[in-house]
1. On full extension of the chain, what length is gained from residue B:56 through residue B:188, given 0.36 nm per residue of separation minus the C-alpha to C-alpha distance?
2. Straight distance only, please: which lysines reach the Cα of residue B:343 with their own Cα at less than 24 Å, same-chain residues fewer than 8 apart left out?
3. Roughly speaking, what is the centre-to-centre gap between the range B:401-442 and the range B:370-387 when only Cα atoms are used, to the nearest Å?
4. Restricting everything to alpha-carbon atoms, can you work out Rg to Rh for chain B with a Kirkwood hydrodynamic radius?
5. Where the centre of each part is set by its Cα atoms, how far does the range B:95-122 sit from the range A:123-172, in angstrom?
6. Please report the equivalent ellipsoid semi-axes of the protein assembly as shown, computed as sqrt(5 x eigenvalue) of the Cα gyration tensor, largest first, in whole Å.
7. Cross-link partners among aspartates and glutamates for residue B:111, C-alpha distance below 17 Å, same-chain residues fewer than 8 apart left out?
8. Please state the equivalent ellipsoid semi-axes for the range B:338-377: what are the square roots of 5 times the Cα gyration tensor eigenvalues, largest first, in whole Å?
Amino acid sequence: MTKRALLLSVLSSTAILVTGWQLGSQATSSVTATVSPAEPAGSAGSAPAPTPLPSSSSSSGGTSSGTASPSASPTTAAVSGTFTGDSVQTRYGAVQVQITVASGTISEVTALHLTDADGRSVSISNRAAPVLRQEALAAQSAQVQGVSGATYTSQAYLTSLQSAIDQAGITP
Amino acid sequence: MSVRTAPEVAAPPHTTDRTRRVRSLRRARAADVLVAVCWSSVAAAVSLYLAYGGLAEVTDVGSALTAAGVITGLVGTDLILIMLVLAARLPLIDRLVGQDTAMAFHRQLGKPALYLILAHGVLLTIGYALADGSTVVAETVSLFQSPDMPLAYLGVGLLVAVVVTSLVAVRRRFSYEAWHLVHLLSYAAVLVALPHQLSAGGVLAEGTVQRVYWIALYVLAFGSIAVFRFGLPALRSLRHGVRVAAIEPVAPGVVSLHLVGRDLDRLQTVGGQYAIWRFWSGKTWWHAHPLSFSAVPTSTTARITVRSLGAGSDSLSRLRPGTRVSLEGPYGIFTDAHRTSPKLALVAAGIGITPVRSLLEHSELRPGEATVLLRGTDSTQTYLWDEVGVLSAARGATLYSMVGPRPPGLATWMSAEALGRGVTITSVFPELLDSDLYVCGPQVWTDLVVRDAKAAGLPDRQIHVERFDW
């Protein structure tokens, strides 16, 4: 390789690498803040008829439940039904979960959509989702540890779960 | 009288020298750009990962290994695609650096590319295992069950087969054809690896510029192969309809094949070039022969001269007139167009005389511009010398011959007798440093001539060697 070829190679390679690096840092700084768009209209459909409307007052009553503590738990008409959380975007794809609530307890957490941008993301979320589900069911909340090696999936999963819990209006 | 005097006529020889210099500088510049493009594509492969934001993901050992795994995969694949382009016989590459130089580069890239691909697999498996908290074995099993991954593993297997059969020690055990057949598997290896590249990682995800660039690289590599390695040669062979006209023995074990065809001048063959020939008879069709034109083709005839080296070229002497011939080419930069200097020095030994003869035939020379040295071990190796004699006389070239065996136990390209008389490369070519030296003969012998020329101070760009060992 001649000196000129070497020089050209080094110059153009450096330019290409710097450009790539710049693009990369722009992309990550704008994406890492997980964008959670407004909850899709689907929730109305997926939260079916059985949703007991009377409890809507209980959500406001929830705050007052502290005062009327003795009567609170029996009077709060236990919430039942399915509630769909926000769809949370990550760089590896959207995550959305649905909870099934029976008498005020979360009886099931179903992943409607998990990170699936590429094969690796699919296998990561397939590993993480059962663990997150278990933890969420046990804790009856979204305040659980994420799964290591699945940071994006965990964060998005728990964010979506929290929004579903908020809709159901259950407070642990 | 305002008649202007005619412009100076003495210019032509001067301008040709200058043109030569300019042309060779331009070629060198273009070749440098080509080299830079190759290395830039490696940088671009790394950049694909950087632009994806891969660095942001590196937080611990596992993710660092994963990042390294992705980068080695991208760079390794990029190198393999470069290798395919180098082997595609692109006219531009042949014209700038010659196919033999391109193939030398191709061979150098083989092992690094394989190591990178192997590292890619190993690093990612360990990186994933660390992230998932599982074992390498469990991770391998789970990877194998992922979509597109079985094909990727197949690709690695094929690649290993291709590189192992190309190791010098192993390659000797195979016939060229068997080796070449295995080598063609590399196309399959690169192709079956593509699905997992597009689906398993996020770097080349759908809708990204990265994906478009990557697919474009694949199209470029496979397109060059399809067009220049297969399409164009097939078209040319059909268009020119070359057949064997006659077979003329010129020395023991040496025959000239006289060929006829249509519009052969349209091939624009330049003296000193070669083509890769295939003779479509039952015994010979599977064997491709790289052979120099031993005369510049006319519009209807061409001639190649061949010495029996292997079983393949031996059966050429028994070809029947009328046998169909297909050709890939013409290729080669053992030509007048690649001269850089005012003088011309030609050295040929044995069958190496063929490109030297057609080069001489095709060169426009001033008297005294060229010096020719023909070398043979004995009088059976003096075929075509008479023709070179006639051409030398017609072009005012000085012709020397050197016949006789080399002295035993001495690394020299000269005969014992010439060596004894004190002949050196500079005594034969007094203006060597102002010359382009063209050497064609057996490999070891050629290397010795080149060694002497370099020792005399001749720079690389003035040395032109034709070899067919690729």
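1. On the way: separation 132, 0.36 × 132 = 47.52 nm, distance 3.43 nm.
That works out to 44.1 nm of additional length.
2. B:454
3. Taking the Cα centre of the range B:370-387 as reference, the centre of the range B:401-442 is 13 Å away.
4. On the way: Rg = 26.6 Å, Rh = 25.3 Å.
Rg/Rh for chain B comes to 1.05.
5. 48
6. Values: eigenvalues 1079, 128, 93 Å².
Computed over the protein assembly as shown, the values are 73, 25, 22 Å.
7. Of all the aspartates and glutamates, those that pass the test against residue B:111 - Cα under 17 Å, at least 8 places apart if same chain - are B:78.
8. Values: eigenvalues 72, 23, 15 Å².
Taking √(5λ) for each eigenvalue gives 19, 11, 9 Å, largest first.
Laboratory data are not the source of any read-out in this text; all were calculated from the coordinates shown. Just so we're clear, the structure is a prediction, and the values are computed from it rather than from any experiment. Ideal geometry is used to build each Cβ from the backbone, glycine not excepted, and the neighbour counts take in all protein chains shown.
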